[in-house]
Amino acid sequence: MDYAFDVIDKAFSAVGGRFVLVECADTAKLKAFYEGYGFEFLQKPNELLQLIRFL
């Protein structure tokens, strides 16, 4: 996950942006994993959860 955030930081520096959105399966383990990295639940429009983290 640290590598992913390094890539996101480089992209943010190059093009800007305000948030990162991830979609994942609706499991407690995955939700807890992303929440541990500062993501917050956004919505569940289908079978996937959407979580967001503001930069």
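The values are calculated or read from the model by the stated rules, or taken from the named source; none is laboratory data. The structure displayed is predicted, hence computed values, not measured ones. Cβ atoms come from the backbone with ideal geometry, glycine included; neighbour counts cover every protein chain shown. These area figures cover heavy atoms from the full protein model, side chains too; ligands, DNA and RNA do not enter into them. Shrake-Rupley method; radii C 1.70, N 1.55, O 1.52, S 1.80 Å.
What the table below lists for this structure:
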item	result
For the chain: accessible area per residue (Å², 1.4 Å)	75
FRET efficiency, 1/(1 + (r/R0)^6) with R0 25 Å, evaluated for residue 5 and residue 25 via beta carbons	0.75
Zero-based 10 Å bins, Cα pair distances in the chain, whole percents	24, 51, 24, 2
Extension gain from residue 13 to residue 37, taking 0.36 nm per residue of separation minus the Cα-Cα distance	6.6 nm
Carbon and sulfur %, accessible surface of the range 1-52 computed with the full protein complex present, 1.4 Å	55
